[in-house]
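Quick note: the coordinates plus some simple rules give every number you see, no bench work behind them. Nothing here was measured: the structure is a model prediction, and the numbers come from that model. FYI the Cβ positions are ideal-geometry reconstructions off the backbone, even for glycines, and counts take in every protein chain you see.
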Amino acid sequence: MSVTYGYTGKILRVNLTTGKISTDDTLKYKDFIGGEGMAMKIMWDEVPAGTHPFAPENKIVFGTGPFCGTGVPCSGRTNITSLLPSNPFHAVSSSHMGGYFSVELKYAGWDMIVVEGKSPKPVWLRIEDGKVALEDARWIWGKGIFDTMAMIGSQMGKEAQVAAIGQAGENQLNLSVIRTGASHSAGGHGGILGAKNLKAIGVKGTGSVKIAAKPEELMALDKYMMSLIGANNQHVVPKNPQPWAEYTSPSSRWTAKKGLYWGAANPPVETGECYPEDMQSVGLRTYKAVVDLGPVAEKYTVRMGGCAHCPIRCHSQVKIPQLERYGMDPYVANTCMGFYSPFGVMINGTPDLPGQEPGEQSMIAKGLGAKLADDYGMWCNYGQIGRDVLYAHKHGIFKKVLPAEEYASIPWDMLEKGDPAFLVDFYDRVANKKGELWHIADGSYYLAKRWNFGEDYWSDYKYKLWSKLGFPVHHSNEASGQVGALISCFSNRDAQNHSHMNFIAAGLPIDMLKDIAAEEWGSRDAIDDVKNYKPMTAAKAKFVKWSLSRSLLHNSLTLCNWMWPMTTSPLKERKYRGDTGLEAQFYTLVTGIPKSKEDLDLDAERAFTLFRALTVRAMGTADMRKNHDQTTEWVVTAEKGKDGKDIAQFTPGTDRMTQDDMEIGRTMVYKEFGWDEKTGSPTRARLEALGLSDVAQELSSKGLLPA
Amino acid sequence: MAEETGPLAALMEKIRADSAEIRLTPASCLVPLAPDAESAAAAIEAGADADIKMMRGSAERYYFSDRSMTEAYAKHLYRLAERDPVRLIADTTRDESKTYPRPTPVAAFLESPFSMTQPEIDAAIAAMASIQEYADIRTTSASNGALYLYSATHLGAAHADGLAEWIEVGQKENP
């Protein structure tokens with residue numbers, strides 16, 4: 001076999017029905033880059049429309065990209081693609097996890113794993129370099145993820161990386177995750193492994209990833225990249241004034257400062273001033289524990305952790321001894337929604353008890369919730385589960401839909417008074433599929449149908465549903481108006497897109513961001529000031545297309561879209577400009593395949609158009625505008641100001657859109673992609689131009705090409 | 001270029017050394033290196049290197065080197081040195097309303113480099129309300145009760161309301 005660079009060149013295929021384990025060639029998919037892009041192609045070719053996510057015919061693809069294992073900064077992500085159980089059309093979608101799994105898989109010699117079929121009994125997949133076997137999972141089936149990882153680790157050794165499901169996945173809950181490491185969860189696809197009787201994948205690799213360039217060339221580019229990197233989400237200014245900083249932002253995740261410590265480290269570690277030029281302190285910049293858990297968390301923080309090849313440590317690793325009261329070990333790790341979301345079930349909050357420090361009880365509850373969700377392997381539908389509990393509780397739905405005995409057995413008093421112990425009871429019932437309550441994990445679309453939620457569930461901003469397809473906001477209209485709004489419209493789940501958000505929230509003054517926007521997307525009108533939006537522009541459409549394509553590019557390379565792209569930098573001497581050509585520079589050095597920025601963006605566009613075609617095929621309609629890309633009502637309804645009066649759209653103070661303007665926006669984005677401007681569906685001409693003639697042919701045969 | 005020596009070099013060295021320690025150099029502190037503050041100021045004005053910057057206070061000149069701190073940070077130190085908490089809060093708020101633009105969380109003044117106490121902040125904001133010079137400084141609050149300040153010269157009320165709610169509440173629900 002010829003030498004491949006960046007790619008290992010091999011895809012591992014595992015058929016659980018037959019037990020057959022085989023090898024496929026990665027490079028036959030190279031037009032789709034890696035990870036998510038290649039998985040889209042595999043799903044198109046191999047999983048017919050109408051397949052149920054939990055059917056043996058469905059496949060699930062664990063994908064790395066050419067950057068995993070090379071040391072390119074922030075390249076530790078694993079992309080997981082399959083049919084999405086919580087989507088009403090079971091459309092293809094991806095989930096992602098950080099950690100070390102993808103890098104270990106590359107070291108074992110594999111670019112991807114494609115799992116198909118269904119095992120007749122619970123198994124786990126053991127990968128040690130080229131030695132691959134299905135192992136009996138009877139001892140770990142029924143256990144939480146922490147125990148599962150410990151038991152597999154005891155057999156494979158501590159250097160093995162494990163991705164596993166908990167009881168939620170085993171029980172085929174729509175809202176379940178696949179988790180690796182202590183805190184890296186890919187939400188949405190856990191139930192697929194459960195349906196396949198595949199409890200976990202353990203991988204250990206002793207190889208390496210070959211790089212086409214001379215090591216010093218890659219090191220030089222790494223060094224350059226490190227000069228441009230900011231803090232988590234590529235925030236490039238600090239939260240608090242620092243001697244070196246021209247700008248600050250109260251929203252910045254660059255939270256390090258003098259006098260702020262990882263207080264539970266031994267000895268405590270001061271995060272300090274973290275000058276942008278100091279590469280040794282990059283890992284201290286993002287002190288997320290005090291953001292997610294509040295200032296009280298300072299003395300409980302052991303350190304900040306993160307993923308392979310990532311200098312940004314965004315996962316808080318804390319020791320909260322109070323968790324022992326709930327029978328939990330005191331060590332917890334997570335970040336962002338991993339803390340907020342399980343805690344969101346506590347709809348009345350968790351007031352501090354007498355003698356507690358301010359915020360202590362909510363820190364405990366967030367730690368407890370994270371621990372429970374991570375062990376059971378529960379997904380939150382990007383924070384929606386708490387809002388679903390709120391809706392059902394507020395409207396008396398629990399009392400209506402739960403059998404009387406079940407209703408009476410639930411400790412509602414704990415929920416009312418804010419006792420975190422409610423979470424222990426709640427997640428046990430839901431993950432273990434007890435009674436009727438577990439249907440809260442069906443996901444919004446199915447739940448609303450089953451429990452007969454009212455129209456206000458969708459139309460009231462409070463519940464934050466973005467689409468009647470059942471997913472919520474995720475950097476949507478509040479993220480540069482139509483830019484974020486339209487990005488969310490193209491998704492089959494919460495948008496998981498940070499290409500735009502990292503730029504918008506970098507922390508720089510709006511005038512500077514507009515200047516950079518003009519350089520990147522042709523006009524200062526590509527973005528607006530937060531809460532001060534103007535009507536749709538062509539430049540915004542370009543920004544939308546770029547953001548959608550770059551996100552898919554990152555999930556294919558794989559890079560963390562919670563850091564990339566490097567549109568801005570913390571460097572005054574560069575006028576805070578980043579470098580959006582870095583991905584292509586790295587790709588060329590790593591793989592030896594010369595690609596310009598435009599080449600890679602075109603590859604990403606190809607993969608995104610294929611994703612669009614997959615959605616068309618799953619929904620059985622070419623009219624994406626009408627049937628897929630619409631928002632819920634609150635998005636296009638004026639909001640009330642403090643005085644109770646409507647704030648007119650496109651005046652300062654609101655981020656609401658209008659239906660007419662959103663339709664203009666859809667048309668402009670369709671045009672940018674070269675799709676049919678009426679329906680938003682890929683045309684034969686565009687598909688063929690992207691090398692997707694087979695896709696055009698199949699859509700045509702099904703009557704799904706636009707007229 | 002030959003390295004500069006003599007009184008001016010000493011003055012610049014002192015200013016740079018102070019800036020490296022993240023503090024301003026009041027002109028009065030240059031007196032040991034010059035006959036008086038005025039002659040120090042004249043020497044610096046006449047021939048100091050470009051990194052040496054001056055800010056004129058109500059009764060004092062302050063110097064810093066922008067090799068060690070930005071003008072933005074030096075402004076904070078200058079306002080602290082002037083010991084006028086009302087002006088400090090108002091001018092900081094005006095800067096942020098103009099530059100970004102955004103309202104300023106009152107809680108920011110609890111933190112470094114301001115490190116004010118809550119009673120000090122409350123007193124300053126109360127005093128501001130009765131001084132015409134600060135009539136542009138307005139307050140708004142987010143739904144969680146957090147108080148923000150903004151300058152009406154640079155930011156409209158509805159925009160400030162919306163931004164405060166987003167910074168304080170919205171983005172935490174959509175991280």
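A P(r) calculated from all alpha carbon pairs of the stretch A:251-462, with 10 Å bins opening at zero, reads 8, 32, 30, 19, 9, 2, 0 percent. Near the amide H of residue A:269, within less than 5 Å, lie the amide hydrogens of A:262, all on another chain or at least 5 residues away, with H placed in the peptide plane. Note on the protein assembly as shown: antiparallel DSSP beta bridges, both residues inside, total approximately 85 percent of the bridges counted. Check the straight Cα-Cα distances from residue A:59 and name the lysines below 16 Å, setting aside those fewer than 8 residues away within the same chain. Cross-link targets: A:20, A:41, A:118, A:196, A:199.
Under the criterion of Cα pairs below 8 Å and six or more residues apart, the relative contact order for chain A equals 14 percent. Of the peptides A:141-147, A:249-255, the order by per-residue mean of other Cβ atoms within 10 Å, starting with the highest, comes out as A:249-255, A:141-147.
Let me know the shape class of chain A, please: from the alpha-carbon gyration tensor, a ≥ b ≥ c as square roots of the eigenvalues, rounded when a/c is under 1.5, otherwise prolate if a/b is greater than b/c, or oblate. Taking the square roots of the gyration eigenvalues as a ≥ b ≥ c, chain A is rounded.
For the pair residue B:51 and residue B:169, the difference between a 0.36 nm per residue extended length and the Cα-Cα distance amounts to 38.4 nm.
For the residue pairs A:399/A:449; A:542/A:645; A:299/A:366, the alpha carbons lie more than 23 Å apart in A:542/A:645. Mean per-residue shielding of peptide A:464-473 is 1, counting Cβ atoms of other chains within 10 Å of each Cβ.
Here the relative contact order of chain B, from alpha carbon pairs under 8 Å that lie six or more residues apart, stands at 16 percent.
Computed extension length for residue A:57-residue A:626: 201.9 nm, one decimal, from 0.36 nm per residue of separation with the Cα-Cα distance subtracted. Between residue B:71 and residue A:129, the simple label model (points 7 Å from Cα in the Cβ direction) yields a spacing of 6.2 nm. Spacing of the modelled spin labels on residue A:645 and residue B:13, each 7 Å from Cα toward Cβ, amounts to 6.6 nm. Amide H to amide H distances under 5 Å link residue A:350 with no residue, where only residues 5 or more positions off or on other chains count and H is placed in the peptide plane. For the stretch A:13-43 versus the stretch A:258-283, the inter-centroid distance based on Cα atoms is 42 Å. Mean per-residue shielding of peptide B:117-126 is 0, counting Cβ atoms of other chains within 10 Å of each Cβ. Shielding by partners for peptide B:162-175, expressed as the average number of C-beta atoms from other protein chains within 10 Å of each residue's C-beta, is 6.
The stretch A:379-394 and the stretch B:91-168 have Cα centres lying 34 Å from one another. For the stretch A:251-462, the relative contact order is 14 percent, taking Cα pairs closer than 8 Å that sit 6 or more residues apart in sequence and dividing their mean separation by the residue count. On full extension, the segment bounded by residue A:667 and residue A:433 gains 79.9 nm, given 0.36 nm per residue less the C-alpha separation.
Under 5 Å between amide hydrogens, built in the peptide plane, is the criterion, and for residue A:466 it picks out A:471, A:473 among residues at least 5 positions away or on other chains. Each residue of the stretch A:310-316 is assigned a 3J(HN,Hα), and the resulting list reads 10, x, 8, 9, 10, 9, 7 Hz, derived from the Karplus form 6.51 cos²θ - 1.76 cosθ + 1.60 (θ = phi - 60°), x at Gly and Pro. The sum of -39500 (n - 2.57) across all DSSP H runs of n ≥ 4, divided by the residue count of chain B, sets its helix-only mean residue ellipticity at 222 nm to -12500 deg cm²/dmol.
As a rough guide to protection, the peptides B:108-120, A:469-481, A:83-95, A:422-434 ranked by mean Cβ packing within 10 Å, highest first, stand as A:469-481, A:83-95, A:422-434, B:108-120. Each residue of the stretch A:339-351 was assigned a 3J(HN,Hα) from its phi angle through the Karplus expression (A = 6.51, B = -1.76, C = 1.60, θ = phi - 60°), giving 9, 5, 6, x, 5, x, 4, 7, 5, 9, x, 9, x Hz with x at Gly and Pro. Of the peptides A:585-591, A:51-57, A:574-580, the order by per-residue mean of other Cβ atoms within 10 Å, starting with the highest, comes out as A:585-591, A:574-580, A:51-57. Under the combined filter of DSSP loop state and at most 11 neighbouring Cβ atoms within 10 Å, the stretch A:605-681 retains these trypsin sites (Lys or Arg not before Pro): A:645. Local charge for residue A:256 was computed over the other residues whose Cβ lies under 14 Å away, with Lys and Arg +1 and Asp and Glu -1, and equals +3. Rounded to the nearest 0.05, the FRET efficiency derived from the C-beta distance between residue A:407 and residue A:324 at R0 = 35 Å is 0.70. With θ taken as phi - 60° and the Karplus curve 6.51 cos²θ - 1.76 cosθ + 1.60 applied, the whole-hertz 3J(HN,Hα) list for the stretch A:538-548 is 5, 5, 5, 4, 5, 4, 4, 4, 4, 5, 5 Hz, x standing for glycine and proline. Expressed in Å, the radius of gyration and Dmax of the Cα atoms of the stretch A:467-701 are 18.0, 61. Among the trypsin sites (Lys or Arg not before Pro) in the stretch B:58-107, those located in a DSSP loop and surrounded by at most 13 other Cβ atoms within 10 Å of their own Cβ are B:67, B:83. With q set to 0.14, 0.24, 0.28 Å⁻¹, the log10 of I(q)/I(0) for the stretch A:516-562, from the Debye formula over equal scatterers at the Cα positions, is -0.40, -0.85, -0.95. Would any residue of the stretch B:14-40 have its amide N under 13 Å from a label point 7 Å out along Cα→Cβ of residue A:281? List them or say none. Taking a point 7 Å out along Cα→Cβ of residue A:281, the residues of the stretch B:14-40 whose backbone N falls under 13 Å are B:21-22.
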